[in-house]
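Novice: Structure incoming, see below.
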Amino acid sequence: MVNNLVSRGLSTVRRIVSGKDDVDLSPRLLDKIRTQLTECVEGLGGEVSARQRAARLAHTYLQLDDEGRHAFLKLIALEFGPNPKQVAKAHESYQAAVGTAKQWDAEAGLRMAMRSRRIRILTQFNAIPQGVKFLVDMRVDLLRFLKQDNELQALDRELENRLSAWFDVGFLELQRITWNSPAALLEKLVEYEAVHEIRSWQDLKNRLDSDRRCYAFFHPRMPAEPLIFVEVALTDRLADNVQSLLDENAPVFDAGKADSAIFYSISNTQVGLRGVSFGNFLLKRVIEDLQRDFPKLHNFATLSPIPLLREWAVKNPQAVAEAFLPGDLKKLGTLEIKGLDAPEINAVLAGQPEWVEHAALADALKGPLTRIAAGYLLEARQKGKPYDPVARFHLGNGARVERLNWLGDTSAKGLAQSWGLMVNYLYDPDAIERNVETFAREQRVAASSAIRRQVRR
């Protein structure tokens, strides 16, 4: 019965997306849902009944329109948190018991009173068939509604925490993707590629050739839904240009001669898992698989974009101005470029994308823009963490900032987001754990001496 209910509910997704079969959340239906949620929390009727009830609730949720889903989630958020009276009573008992033999029992009672009933509901959803996928998709809605409704924050925090526990990297399964993988999986690789668009089937085949490796991580409760794709190129050097790396006409490299594995694209596929860490050693598992197949590999690095560099630079004109040394200004002056204050420099770069074709101008900008990028990666912060999301990911996984690559991505996207600059993050297997611990404890960025020398003091 549970399987049938969930299958029926999930089968309505396509019709719901197209705007058909939406169900209005009337006061009567809302009261019914409230009653069912209460019964879920209280565990009435045993586990089988609880799962059937959760399946019916999931079915109802999937049929609701946006307004109805918003009301559904808000009901859980506002009416199923900890009971304030019980918390106050438990806290009073704990304060009275401090220093006595009853302190630890009182502490357990306080902890129990603080436990949100929302967690019980989320756990019931998790227990039904396809429940994990249901919760991941439900969080997609939750994240959208959060933009206008802060009262959903408590529910989002609890759902994110639950998903973080359920999606620990230790639970994930690593699978290699090849040209002979199921067509449905290859189509998802094309669909979810978020770093460098896959333009054709020939492009895809090139990325799955003998000098490449592609991996996907799966959760056992979502076997048909890849969570992360990792694309790797086997080379004999630290790659510095993504156009060369993705050139479909380049000869296939002899993988047996490779000493370097370049991670050039890492794509998360599930929006509902935003903010959920897959563990500190995600890429370490890929490295171990590569080392087993290619014992000669000793360099493991990325060729990564710097997606928010230019956005940050526009917001920090002083940092931009300080990166232009007297020699840079003199070189630019010979090109008769006027107005060298930081806002106008940014205007030149923003309004004249053809600057990259002007060899002398590109040469004059190389030094200062590389210094801006180095300072950004090492020092720019947002809420105490590195400003750049790609940097946060790799530094959190134990990499170090190794090298900046001038004009490493001359696509329109690359020039727009980082003036074409790309960065190599290096994964040293012997230093990964130390870097992870240092970054987690102190938020200190591991970086090569060459990168540190480029920062303007």
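Read the figures in this text as sums done on the coordinates, not as results from a lab. Everything numeric here is computed off the predicted structure, so don't read it as measured data. Methodologically, a virtual Cβ is constructed for each residue, glycine included, from the backbone with ideal geometry; neighbour enumeration extends over all protein chains shown.
Novice: Distance between Cα centroids, the range 378-393 to the range 100-142: provide it in whole Å.
Specialist: With the range 378-393 and the range 100-142 each reduced to a Cα centre, they are spaced 31 Å.
Novice: Compute the angle between helix 103-114 and the longest alpha-carbon principal axis of the chain, please, reported from 0 to 90 degrees and rounded to the nearest 10.
Specialist: Approximately 80 degrees, to the nearest 10.
Novice: Could I ask something else about it? Note the angle between two axes, namely the Cα long axis of helix 359-379 and the longest principal axis of the Cα atoms of the chain, as a number of degrees from 0 to 90, rounded to the nearest 10.
Specialist: Tilt relative to the chain: about 40 degrees.
Novice: Based only on Cα atoms, what mean projected area does the convex hull of the range 217-262 have, in nm²?
Specialist: For the Cα atoms of the range 217-262, the hull's average projected area reads 4.6 nm².
Novice: What's the extension gain from ASP247 to GLN382 if we count 0.36 nm per residue and subtract their Cα-Cα distance? Don't skip to the answer; put the middle values down first.
Specialist: Numbers: separation 135, 0.36 × 135 = 48.60 nm, distance 3.56 nm.
Fully extending the segment from ASP247 to GLN382 adds 45.0 nm.
Novice: Looking only at the chain, where both bridge partners belong to it, what percent of the DSSP beta bridges are antiparallel (to the nearest 5)? Write down the numbers at each step before the final one.
Specialist: Numbers: 29 of 35 bridges.
Of those bridges, close to 85 percent are antiparallel.
Novice: Show me 354-360, 195-201 ranked by packing, highest mean number of other Cβ atoms within 10 Å first.
Specialist: In descending order of packing, they fall as 195-201, 354-360.
Novice: Between Rg and the Kirkwood Rh of the chain, both from Cα atoms, what is the Rg to Rh ratio?
Specialist: Rounded to two decimals, Rg/Rh equals 1.04.
Novice: Reachable aspartates and glutamates from LYS188, Cα under 20 Å, same-chain residues fewer than 8 places away excluded?
Specialist: ASP137, GLU173, GLU197, ASP203, ASP209, GLU225, GLU231
Novice: Cα-Cα over 20 Å: which of LYS74/LYS147; LYS32/LYS147; LYS331/LYS366; LYS315/LYS383; LYS284/LYS385? Don't skip to the answer; put the middle values down first.
Specialist: Details: LYS74/LYS147 14 Å; LYS32/LYS147 28 Å; LYS331/LYS366 11 Å; LYS315/LYS383 16 Å; LYS284/LYS385 22 Å.
Among LYS74/LYS147; LYS32/LYS147; LYS331/LYS366; LYS315/LYS383; LYS284/LYS385, the Cα-Cα distance tops 20 Å for LYS32/LYS147; LYS284/LYS385.
Novice: Dipole size in debye (nearest 20) for the chain around its Cα centre, Lys and Arg Cβ +1, Asp and Glu Cβ -1?
Specialist: I would put it at about 1200 debye.
Novice: Further question on the same structure: Averaging sequence separations of C-alpha pairs under 8 Å and six or more residues apart, then dividing by the length of the chain, give the relative contact order as a whole percent.
Specialist: Across the chain, relative contact order equals 11 percent.
Novice: Using θ = phi - 60° and the Karplus form 6.51 cos²θ - 1.76 cosθ + 1.60, what ³J(HN,Hα) does each residue of the range 210-219 get, whole Hz, x for Gly and Pro?
Specialist: These are the phi-based 3J(HN,Hα) values: 5, 9, 10, 9, 10, 10, 10, 9, 10, 9 Hz.
Novice: By average Cβ neighbour count within 10 Å, what is the ranking of 379-390, 60-71 from highest down?
Specialist: The most tightly packed comes first, giving 60-71, 379-390.
Novice: In nm, to one decimal, how far is the ARG115 label point from the SER210 one, both placed 7 Å along Cα→Cβ?
Specialist: Rounded to a tenth, the inter-label distance reads 5.8 nm.
Novice: How far is it, in nm, from the label point at LYS89 to the one at TRP201 when both lie 7 Å from their Cα along the line to the Cβ?
Specialist: In this crude label model, LYS89 to TRP201 measures out at 6.8 nm.
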